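Everything on this sheet refers to the single structure shown next.
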Amino acid sequence: MKQKDITTKRLRLRRLKATDLEGWDQFFLSDRAQYVGGGSESGDALSWRVFSSLLGHWDLRGTGPFAIEKLQDAQVIGMAGPWYPRGWPERELTWSLWGADYEGFGYATEAVKALRRHVTSDLGWDRIVSYVDPANDASIKLCRKLGCSEDPAIALPDDDPTLAFVHPIGSSDDQAVSN
């Protein structure tokens, strides 16, 4: 299945590619990535392996996290999208903005709304879950802004402290234009 790009008012969501590794490394090797297994102590080798798994997810599942690219200047500012590796208890919608400079503009909200429409309409998901570290205030705030509800009964992916949020399905403001 050839995955189409998703275009919103300000963003293009496209398949991650090898040339996104540099931006990923800058994110993953910073403390911003502490909630996704990265951080300043994680090292280049781990960053490469995790990025490789993001790329491979596309080949193994037919979809995966998209690069979030600003239409204005084609700058990649993060990633978001479907995530369901082997052993994961639920299909997840994941996201990360790769720099603090991209926060506060609604980019993550815009991307996740478009992706909720994509996973329900194009991929046929009937439930969307996002796993969030309890210390990740920005992602918890985004989940609440998006109308998600926390569900402590949902199976978690590992033994790490994790909150599970369920997204509303069919929200009227989850609009995007697919190319």
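None of the figures in this text is laboratory data; all of them are computed from the coordinates on show. As the structure is a computational prediction, the values presented were derived from the model and not from experiment. Methodologically, a virtual Cβ is constructed for each residue, glycine included, from the backbone with ideal geometry; neighbour enumeration extends over all protein chains shown.
Laid out as a table, the results:
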read-out: Candidates Arg12, Arg86, Arg116: whichever shows maximal mean-square fluctuation once the chain is modelled as a Gaussian network with Cα springs under 10 Å; value: Arg86
read-out: Within the chain: Cβ-based charge dipole about Cα centre, in debye rounded to nearest 20 (Lys, Arg +1; Asp, Glu -1); value: 840
read-out: Ratio of the Cα radius of gyration of region 51-96 to 2.2 N^0.38 Å, where N counts its residues; value: 1.23
read-out: Förster-model FRET efficiency, 22 Å R0, Thr19 and Val50, C-beta, rounded to 0.05; value: 0.85
read-out: Positive-pole candidate from Gly87, Trp125, Asn136, dipole of the chain, charges at beta carbon; value: Trp125
read-out: Bins of 10 Å, starting at 0 and running to the largest distance - Cα pair percent for region 92-167; value: 17, 52, 29, 3
read-out: q = 0.18, 0.20 Å⁻¹, the chain: log10 I(q)/I(0) [Debye, one scatterer per Cα]; value: -1.30, -1.69
read-out: Rg and Dmax of region 13-110, Cα atoms only, in Å; value: 12.9, 38
read-out: Percent of Cα pairs exceeding the 14 Å cut-off, where the set is region 70-134; value: 62
read-out: Above-threshold pairs, the threshold being 18 Å between Cα atoms, out of Lys9/Lys70; Lys70/Lys113; Lys17/Lys70; Lys4/Lys145; Lys4/Lys113; value: Lys4/Lys145
